[in-house]
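Structure first, commentary second.
The values are calculated or read from the model by the stated rules, or taken from the named source; none is laboratory data. No experiment lies behind these values; they were computed from the predicted model shown. Cβ placement follows ideal geometry from the backbone for every residue including glycine, while neighbour counts extend to all protein chains displayed.
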Amino acid sequence: MYLLLIIVILVAIIALAAVWPMCFMHPLASGKVEGTDITAIKNRSNNLFFIPAGENWIVIDAGSDSRAVQSEMERLSIDAGKVLGVFLTHTDYDHVASLPLFSNATIYMSEQEKQMIDGSTYRQLIKKNKLPVCDADRIVYLPDNEVVELGGHRVRSIWVPGHTKGSAIYAVDEKYLFTGDAFKADKGRMTVHPYTMDRRRADESISKIENECSWYEKVYTAHYGIL
(Lines give C-alpha, C1' and ligand atoms only; values in the text may rest on other atoms or scores of the structure.)
Protein backbone atom coordinates (compact mmCIF):
# COMPACT_ATOMS: atom_id res chain seq x y z
CA MET A 1 0.00 0.00 0.00
CA TYR A 2 2.76 2.45 0.94
CA LEU A 3 4.74 1.50 -2.16
CA LEU A 4 1.72 2.24 -4.35
CA LEU A 5 1.26 5.60 -2.64
CA ILE A 6 4.91 6.48 -3.22
CA ILE A 7 4.60 5.54 -6.91
CA VAL A 8 1.46 7.67 -7.29
CA ILE A 9 3.19 10.65 -5.66
CA LEU A 10 6.26 10.26 -7.88
CA VAL A 11 4.12 10.08 -11.01
CA ALA A 12 2.23 13.19 -9.91
CA ILE A 13 5.48 15.08 -9.29
CA ILE A 14 6.85 14.08 -12.69
CA ALA A 15 3.60 15.10 -14.41
CA LEU A 16 3.56 18.45 -12.60
CA ALA A 17 7.18 19.12 -13.53
CA ALA A 18 6.32 18.41 -17.18
CA VAL A 19 3.41 20.84 -17.39
CA TRP A 20 4.51 23.50 -14.89
CA PRO A 21 6.54 25.56 -17.42
CA MET A 22 3.42 25.94 -19.58
CA CYS A 23 1.82 28.00 -16.80
CA PHE A 24 4.32 30.77 -17.54
CA MET A 25 3.84 30.87 -21.30
CA HIS A 26 1.90 33.82 -22.73
CA PRO A 27 1.38 33.58 -26.50
CA LEU A 28 -0.32 36.37 -28.42
CA ALA A 29 -4.09 36.34 -28.85
CA SER A 30 -5.33 35.32 -32.28
CA GLY A 31 -5.64 38.15 -34.75
CA LYS A 32 -3.59 40.72 -36.60
CA VAL A 33 -0.50 41.88 -34.73
CA GLU A 34 -0.80 45.59 -34.03
CA GLY A 35 1.18 47.77 -36.39
CA THR A 36 1.85 44.93 -38.85
CA ASP A 37 0.08 42.89 -41.52
CA ILE A 38 1.05 39.63 -39.76
CA THR A 39 -1.65 37.45 -38.23
CA ALA A 40 -0.99 35.37 -35.12
CA ILE A 41 -3.06 32.31 -34.28
CA LYS A 42 -3.01 31.16 -30.67
CA ASN A 43 -2.96 27.38 -30.36
CA ARG A 44 -3.00 26.19 -26.76
CA SER A 45 0.26 27.55 -25.33
CA ASN A 46 1.90 28.79 -28.52
CA ASN A 47 1.52 30.79 -31.71
CA LEU A 48 1.85 30.19 -35.39
CA PHE A 49 2.23 33.22 -37.64
CA PHE A 50 0.73 34.02 -41.06
CA ILE A 51 2.58 36.48 -43.27
CA PRO A 52 0.61 37.78 -46.28
CA ALA A 53 2.22 37.18 -49.66
CA GLY A 54 -0.09 38.92 -52.12
CA GLU A 55 -3.22 36.78 -52.10
CA ASN A 56 -1.28 33.95 -50.50
CA TRP A 57 0.43 33.26 -47.18
CA ILE A 58 3.71 32.19 -45.65
CA VAL A 59 3.43 30.46 -42.27
CA ILE A 60 5.92 30.14 -39.42
CA ASP A 61 5.36 26.88 -37.48
CA ALA A 62 2.20 24.80 -37.42
CA GLY A 63 0.83 24.53 -33.88
CA SER A 64 -0.23 21.65 -31.66
CA ASP A 65 -3.94 21.20 -32.47
CA SER A 66 -4.93 20.95 -36.11
CA ARG A 67 -8.69 21.30 -35.52
CA ALA A 68 -8.24 24.41 -33.39
CA VAL A 69 -5.95 25.97 -36.00
CA GLN A 70 -8.45 25.23 -38.76
CA SER A 71 -11.27 26.76 -36.72
CA GLU A 72 -9.28 29.96 -36.09
CA MET A 73 -8.25 30.18 -39.76
CA GLU A 74 -11.90 29.97 -40.81
CA ARG A 75 -12.82 32.66 -38.28
CA LEU A 76 -10.06 34.92 -39.62
CA SER A 77 -10.89 34.12 -43.29
CA ILE A 78 -7.52 32.49 -44.01
CA ASP A 79 -7.58 29.91 -46.81
CA ALA A 80 -5.26 27.00 -46.05
CA GLY A 81 -5.00 26.25 -49.76
CA LYS A 82 -3.26 29.59 -50.30
CA VAL A 83 -0.36 28.84 -47.97
CA LEU A 84 2.76 28.70 -50.16
CA GLY A 85 5.24 27.58 -47.55
CA VAL A 86 5.52 26.59 -43.90
CA PHE A 87 8.81 27.34 -42.15
CA LEU A 88 9.33 25.08 -39.13
CA THR A 89 11.59 26.36 -36.39
CA HIS A 90 11.87 22.73 -35.23
CA THR A 91 9.83 19.51 -35.29
CA ASP A 92 8.42 19.11 -31.77
CA TYR A 93 4.77 18.00 -31.77
CA ASP A 94 3.43 21.44 -30.80
CA HIS A 95 4.95 23.04 -33.91
CA VAL A 96 3.88 20.60 -36.64
CA ALA A 97 0.29 19.43 -35.98
CA SER A 98 -1.54 21.47 -38.62
CA LEU A 99 0.85 20.68 -41.49
CA PRO A 100 -1.79 18.45 -43.18
CA LEU A 101 -4.03 21.51 -43.58
CA PHE A 102 -1.53 23.13 -45.92
CA SER A 103 -1.63 20.63 -48.75
CA ASN A 104 -0.20 23.05 -51.34
CA ALA A 105 2.67 24.28 -49.19
CA THR A 106 6.35 23.46 -49.30
CA ILE A 107 7.71 22.63 -45.83
CA TYR A 108 11.02 24.20 -44.90
CA MET A 109 13.30 23.37 -41.98
CA SER A 110 16.96 23.41 -41.05
CA GLU A 111 18.98 20.62 -42.64
CA GLN A 112 20.29 19.88 -39.13
CA GLU A 113 16.72 19.12 -38.00
CA LYS A 114 16.39 16.21 -40.41
CA GLN A 115 18.02 13.94 -37.81
CA MET A 116 15.10 14.64 -35.48
CA ILE A 117 12.58 13.03 -37.86
CA ASP A 118 14.61 10.37 -39.68
CA GLY A 119 15.08 8.26 -36.56
CA SER A 120 18.76 8.96 -36.04
CA THR A 121 18.30 11.25 -33.02
CA TYR A 122 15.79 10.74 -30.21
CA ARG A 123 14.02 13.80 -28.78
CA GLN A 124 13.79 12.09 -25.39
CA LEU A 125 14.96 8.76 -24.02
CA ILE A 126 12.48 6.65 -26.00
CA LYS A 127 10.66 9.31 -28.02
CA LYS A 128 11.30 10.43 -31.60
CA ASN A 129 9.86 13.42 -33.43
CA LYS A 130 7.75 12.86 -36.52
CA LEU A 131 5.81 14.91 -39.03
CA PRO A 132 2.08 14.32 -39.66
CA VAL A 133 2.75 14.34 -43.41
CA CYS A 134 4.39 11.57 -45.42
CA ASP A 135 5.31 13.28 -48.69
CA ALA A 136 9.07 13.74 -48.42
CA ASP A 137 9.10 15.62 -51.75
CA ARG A 138 7.38 18.54 -50.04
CA ILE A 139 10.21 19.06 -47.54
CA VAL A 140 13.17 21.35 -48.23
CA TYR A 141 16.13 21.26 -45.84
CA LEU A 142 17.87 24.60 -45.50
CA PRO A 143 21.58 25.17 -44.77
CA ASP A 144 22.51 27.78 -42.18
CA ASN A 145 21.95 31.32 -43.51
CA GLU A 146 20.11 30.09 -46.61
CA VAL A 147 17.69 32.60 -48.12
CA VAL A 148 14.37 31.51 -49.63
CA GLU A 149 12.52 33.95 -51.89
CA LEU A 150 8.83 33.15 -51.69
CA GLY A 151 5.69 35.19 -52.31
CA GLY A 152 7.63 38.41 -52.58
CA HIS A 153 9.43 37.84 -49.28
CA ARG A 154 13.00 36.88 -48.41
CA VAL A 155 13.17 34.37 -45.57
CA ARG A 156 16.61 33.66 -44.10
CA SER A 157 17.15 30.51 -42.04
CA ILE A 158 19.55 30.80 -39.09
CA TRP A 159 20.65 27.66 -37.27
CA VAL A 160 20.41 27.98 -33.45
CA PRO A 161 20.91 24.48 -31.96
CA GLY A 162 20.05 23.69 -28.39
CA HIS A 163 16.30 23.32 -27.98
CA THR A 164 16.59 20.59 -30.62
CA LYS A 165 19.62 19.59 -32.67
CA GLY A 166 18.46 21.58 -35.66
CA SER A 167 16.40 24.42 -34.23
CA ALA A 168 16.29 27.45 -36.51
CA ILE A 169 15.03 31.00 -36.42
CA TYR A 170 13.83 32.96 -39.45
CA ALA A 171 14.52 36.54 -40.49
CA VAL A 172 11.76 37.75 -42.82
CA ASP A 173 12.79 40.60 -45.12
CA GLU A 174 15.46 41.42 -42.50
CA LYS A 175 12.60 43.17 -40.68
CA TYR A 176 11.01 40.54 -38.44
CA LEU A 177 12.65 37.67 -36.55
CA PHE A 178 10.72 34.51 -35.65
CA THR A 179 12.50 32.56 -32.92
CA GLY A 180 10.34 29.51 -32.14
CA ASP A 181 11.60 27.89 -28.93
CA ALA A 182 15.19 29.09 -29.16
CA PHE A 183 14.78 30.70 -25.74
CA LYS A 184 12.37 31.51 -22.93
CA ALA A 185 11.44 35.18 -22.57
CA ASP A 186 11.36 36.15 -18.91
CA LYS A 187 10.70 39.85 -18.15
CA GLY A 188 12.55 40.89 -21.28
CA ARG A 189 15.47 38.51 -20.64
CA MET A 190 16.37 35.49 -22.75
CA THR A 191 16.92 32.29 -20.81
CA VAL A 192 17.04 28.62 -21.79
CA HIS A 193 13.67 27.18 -22.83
CA PRO A 194 12.42 24.65 -20.24
CA TYR A 195 12.19 21.71 -22.67
CA THR A 196 15.66 22.05 -24.18
CA MET A 197 17.81 19.10 -25.29
CA ASP A 198 21.27 20.70 -24.96
CA ARG A 199 21.45 23.60 -22.51
CA ARG A 200 25.08 24.46 -23.32
CA ARG A 201 24.37 24.80 -27.03
CA ALA A 202 21.18 26.72 -26.23
CA ASP A 203 23.17 29.23 -24.17
CA GLU A 204 25.54 29.73 -27.09
CA SER A 205 22.62 30.23 -29.46
CA ILE A 206 20.96 32.72 -27.10
CA SER A 207 24.15 34.80 -27.06
CA LYS A 208 24.04 34.83 -30.85
CA ILE A 209 20.37 35.84 -30.94
CA GLU A 210 20.84 38.59 -28.34
CA ASN A 211 23.47 40.18 -30.53
CA GLU A 212 21.14 40.18 -33.53
CA CYS A 213 17.78 41.12 -31.99
CA SER A 214 18.36 44.85 -32.17
CA TRP A 215 18.50 44.60 -35.97
CA TYR A 216 14.78 43.80 -36.24
CA GLU A 217 11.59 45.79 -35.74
CA LYS A 218 9.90 42.91 -33.92
CA VAL A 219 11.03 39.57 -32.49
CA TYR A 220 8.25 36.96 -32.41
CA THR A 221 8.53 33.98 -30.05
CA ALA A 222 6.37 30.87 -30.18
CA HIS A 223 5.27 30.83 -26.53
CA TYR A 224 6.08 34.24 -25.06
CA GLY A 225 4.62 36.80 -27.44
CA ILE A 226 6.76 39.61 -28.84
CA LEU A 227 10.09 40.25 -27.20
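The set of residues in the range 90-140 that are β-branched (Val, Ile, Thr) and within 15 Å of residue 63 (Cα to Cα) comprises 91, 96, 107, 133.
Filtered by the rule that a residue be farther than 13 Å from residue 40 by Cα, surrounded by 18 or more Cβ atoms within 10 Å (Cβ to Cβ) and of a type outside the set (Ser, Thr, Tyr), the range 52-81 gives 56, 80. Go through the range 181-227 and give me each residue that's among the β-branched types (Val, Ile, Thr) and not in a loop (DSSP other than H, G, I, E, B). Residues satisfying the conditions are 191, 206, 209, 219, 226. Selection within the range 165-174: residues that are outside any strand (DSSP E or B) and more than 17 Å from residue 191 (Cβ to Cβ). The member of this set that is nearest to the chain's Cα centre (by Cα) is 166. Pairing residues of the range 31-48 that are on the phi > 0 side of the Ramachandran plot with residues that are part of a strand (DSSP E or B), at Cβ distances under 7 Å and at least 6 apart in sequence or on separate chains, gives 31/39; 31/40. Any idea which of (1) under 18 Å from the mean Cα position of the chain (by Cα); (2) surrounded by fewer than 19 Cβ atoms within 10 Å (Cβ to Cβ); (3) closer than 19 Å to residue 147 by Cα is the one residue 178 doesn't satisfy? The single condition residue 178 does not satisfy is (2). Within the range 82-114, restricting attention to residues that are over 11 Å from the mean Cα position of the chain (by Cα) and within 14 Å of residue 162 (Cα to Cα), the residue that is surrounded by the fewest Cβ atoms within 10 Å (Cβ to Cβ) is 112. The residues of the range 43-52 that are under 18 Å from residue 99 (Cβ atoms), outside any loop (DSSP other than H, G, I, E, B) and not polar (S, T, N, Q), listed by number, are 48, 49, 50, 51. Does residue 125 satisfy the condition of being modelled with pLDDT under 95 and assigned to a loop (DSSP other than H, G, I, E, B)? Here the answer is yes, as residue 125 does meet what is asked. Kindly provide the set of residues from the range 157-202 that are within 27 Å of residue 39 (Cβ to Cβ) and β-branched (Val, Ile, Thr), ordered by number. Selection gives 158, 160, 164, 169, 172, 179. Taking (1) under 15 Å from the mean Cα position of the chain (by Cα); (2) closer than 23 Å to residue 142 by Cβ in turn, residue 211 satisfies each apart from (1).
What number goes with the only condition from (1) part of a loop (DSSP other than H, G, I, E, B); (2) modelled with pLDDT of 95 or more that residue 134 does not pass? Result: residue 134 passes all but (2).
If I ask for residues that are under 17 Å from the mean Cα position of the chain (by Cα) and of a type outside the set (Ser, Thr, Tyr), which ones from the range 145-164 would you list? Spell out how you get there, then give the answer.
Looking only at the range 145-164, we keep the residues that are under 17 Å from the mean Cα position of the chain (by Cα), and these are 155-164.
If the condition is that a residue be under 17 Å from the mean Cα position of the chain (by Cα) and of a type outside the set (Ser, Thr, Tyr), then 155, 156, 158, 159, 160, 161, 162, 163 are the ones that fit.
Of the residues that sit in the range 73-97 and are part of a helix (DSSP H, G or I) and hydrophobic (A, V, I, L, M, F, W, C), which one is farthest from residue 113 (Cα to Cα)? Of everything passing the filter in the range 73-97, 73 is farthest from residue 113 (Cα to Cα). Among the residues examined, residue 148 qualifies as surrounded by fewer than 21 Cβ atoms within 10 Å (Cβ to Cβ), modelled with pLDDT of 95 or more and part of a strand (DSSP E or B).
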